[in-house]
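J.: Before anything else, here's the structure in question.
The values are calculated or read from the model by the stated rules, or taken from the named source; none is laboratory data. Just so you know, these numbers come straight off a predicted model, no measurement behind them. Please note: Cβ atoms are built from the backbone with ideal geometry, for glycine as well, and neighbour counts cover all protein chains shown. Please note that ligands, DNA and RNA were not included when accessible areas were found on the heavy atoms of the full protein model with its side chains. Shrake-Rupley method; radii C 1.70, N 1.55, O 1.52, S 1.80 Å.
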Amino acid sequence: MLKIVLATSNPHKVDEINSVSIPFGIEFVLPDKGFDPIEDGSTFEENSYAKALAAAQCEKSGRNYFMADDSGLCTDFLNGAPGLKSARYAPSAQERIEKLLCALKDAKENERGAKFVCSLVLIDKTGNILNKTLGVCKGKIAHNQCGKGGFGYDPIFIVENKNKTMAELSQDEKGKVSHRGRALMDMLMWIKCSDLK
Ligand code: ITT
């Protein structure tokens with residue numbers, strides 16, 4: 001099994017990614033102690049690279065490859081917000097959901113469009129970018145929360161062409177349509193064709 005450090009503190013990302021990658025012979029593991037990235041980039045990709053580099057810099061276990069996921073929810077009504085600030089929009093996941101529903105309370109049905117974005121960046125221990133992928137999942141913001149699966153904004157994100165929120169999908173279904181699932185599939189295909197070991 002090829003082990004790659006996943007530069008994150010979010011256990012939901014590790015679960016979602018490993019549920020897809022392990023059948024491909026690739027396991028993602030948490031960074032060593034001291035992982036504390038500064039996410040002050042102006043794009044998802046810049047933040048993703050900053051996280052991957054921070055994991056490489058605190059590596060003590062001899063692992064060679066580091067991948068980061070920077071992701072977020074962009075809404076049309078709020079000109080792309082919360083976007084890069086999705087994780088910091090309010091203190092807890094429930095408060096973030098409530099704040100977003102409140103911010104969209106006057107948005108009409110055709111103004112509730114939104115997309116989840118995920119930037120994956122894979123680097124080696126010296127910080128060289130080996131590959132990067134981007135995944136997008138389109139949908140709209142619901143009026144109320146629905147579903148218990150996933151994490152974050154999933155209970156208020158209605159997936160395009162499915163009459164369900166992301167939180168009503170199984171982990172398998174989410175992996176097939178989500179921003180993370182799409183970016184990950186491209187990344188796994190690249191890794192499989194590369195000679196990383
Ligand atoms: P790391 O930086 O440690 O990876 P994080 O949760 O802070 O963990 P981000 O900075 O990438 O990650 O912020 C992403 C936020 O966007 C996340 O906290 C959620 O609020 C939201 N988000 C991202 N992907 C999501 C998904 O699949 N479902 C629901 N919300 C998601």
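J.: Along the Cα-to-Cβ line of K162, 7 Å from the Cα, sits a label point; which residues in the range 68-103 have backbone N less than 18 Å from it?
T.: Within reach of a label on K162, which here means backbone N under 18 Å from a point 7 Å along Cα→Cβ, the range 68-103 contributes 72-74.
J.: Can you give the charge dipole size of the range 40-121 about its Cα centre, rounded to the nearest 20 debye, using +1 on the beta carbon of Lys and Arg and -1 on the beta carbon of Asp and Glu?
T.: Around 180 debye, computed over the range 40-121.
J.: With the chain treated as a Gaussian network of Cα nodes joined by springs under 10 Å, which of D70, D40, D186 yields the largest mean-square fluctuation?
T.: Of the options given, D40 has the highest mean-square fluctuation.
J.: Still on this structure: Connecting C-alpha atoms closer than 10 Å in a GNM of the chain, tell me which of K105, K176, K51 has the biggest fluctuation.
T.: K105
J.: Could I ask something else about it? In whole Hz, with x marking every Gly and Pro, tabulate ³J(HN,Hα) for the range 33-42 from phi via Karplus 6.51 cos²θ - 1.76 cosθ + 1.60, θ = phi - 60°.
T.: Rounded to whole hertz, the list is 4, x, 5, 8, x, 9, 9, 10, x, 9.
J.: Keeping all protein chains in position, work out how much accessible area F77 exposes to a 1.4 Å probe, and write it in Å² to the nearest 10.
T.: Around 80 Å² of this residue is reachable by solvent.
J.: Could you run the Karplus curve 6.51 cos²θ - 1.76 cosθ + 1.60 with θ = phi - 60° over the range 63-79 and give me ³J(HN,Hα) per residue in whole Hz, x for Gly and Pro?
T.: 7, 9, 10, 9, 10, 10, 10, 10, 9, x, 10, 10, 10, 5, 4, 9, 6
J.: Determine how many Å³ per residue the convex hull of the Cα atoms of the chain encloses.
T.: 109
J.: At R0 = 22 Å, how high is the FRET efficiency between E98 and D36 if r is their beta carbon distance? Nearest 0.05 is fine.
T.: Using R0 = 22 Å, I get an efficiency of 0.15.
J.: Given a cut-off of 21 Å, name the pairs among K132/K164; K33/K115; K132/K192 whose C-alpha atoms lie farther apart than that in the structure shown.
T.: K132/K164; K33/K115
J.: Let me ask you something else. Apply the Karplus curve 6.51 cos²θ - 1.76 cosθ + 1.60, θ = phi - 60°, to the phi angles in the range 108-120 and return the couplings in whole Hz, x for Gly and Pro.
T.: 6, 3, 7, 10, 9, x, 7, 8, 8, 10, 9, 10, 10
J.: Same structure again: Could you compute how much accessible surface Y89 exposes when probed at 1.4 Å, giving the result in Å² to the nearest 10?
T.: So the heavy atoms of Y89 present about 40 Å² to solvent.
J.: Per residue, how much accessible surface does the chain expose to a 1.4 Å probe? Answer in Å², no decimals.
T.: 51
J.: Then there's this: Report, in deg cm²/dmol and to the nearest 500, the calculated mean residue ellipticity at 222 nm for the chain, where each DSSP H run with n ≥ 4 adds -39500 (n - 2.57) and the sum is divided by the residue count.
T.: -9000 deg cm²/dmol
J.: Of I38, I17, I158, which is the most mobile in a GNM of the chain whose springs link Cα atoms less than 10 angstrom apart?
T.: I38
J.: Express in Å², to the nearest 10, the accessible area of V177 obtained by rolling a 1.4 Å probe over the protein heavy atoms while all chains stay in place.
T.: Counting only protein heavy atoms, the figure is 30 Å².
J.: Here's a follow-up. Using modelled amide H (1.01 Å from N, peptide plane; none on Pro or chain starts), what sits under 5 Å from the amide H of D69, excluding residues fewer than 5 places away?
T.: Distant-sequence amide H within range of D69: A7.
J.: Another one. What is the sum of charges around L196, taking Lys and Arg as +1, Asp and Glu as -1, for the other residues whose C-beta is under 11 Å from the C-beta of L196? Walk me through the numbers on the way to the answer.
T.: Values: positive: K3, K192, K197; negative: D124, D195.
After counting each charged neighbour, the total is +1.
J.: Same structure, new question: When only Cα pairs under 8 Å and 6 or more residues apart are kept, what is the percent relative contact order across the range 1-157?
T.: Over the range 1-157, the number comes to 21 percent.
J.: Still on this model: If r is the Cβ-Cβ distance from K108 to Q171 and R0 is 30 Å, what FRET efficiency results, to the nearest 0.05?
T.: Efficiency, from the Cβ-Cβ distance: 0.40.
J.: When the accessible area of the chain is split by element with a 1.4 Å probe, what percent falls to carbon and sulfur?
T.: For the chain, the apolar C and S fraction of the accessible surface comes to 51 percent.
J.: Continuing with this model, one more query. Roughly how big is the range 108-196's charge dipole about its Cα centre, with Cβ charges of +1 (Lys, Arg) and -1 (Asp, Glu), in debye to the nearest 20?
T.: Dipole magnitude for the range 108-196 comes out near 160 debye.
J.: Sticking with this one: Once you keep just the Cα pairs under 8 angstrom separated by 6 or more residues, what percentage relative contact order results for the range 73-148? Intermediate values should be presented prior to the final figure.
T.: Values: 90 pairs, mean separation 22.0, N = 76.
So the answer I get is 29 percent.
J.: If you don't mind, another one. For every other residue with a beta carbon closer than 14 angstrom to the beta carbon of V5, add +1 if it is Lys or Arg and -1 if Asp or Glu, then tell me the sum.
T.: Combined, the nearby Lys, Arg, Asp and Glu give +2.
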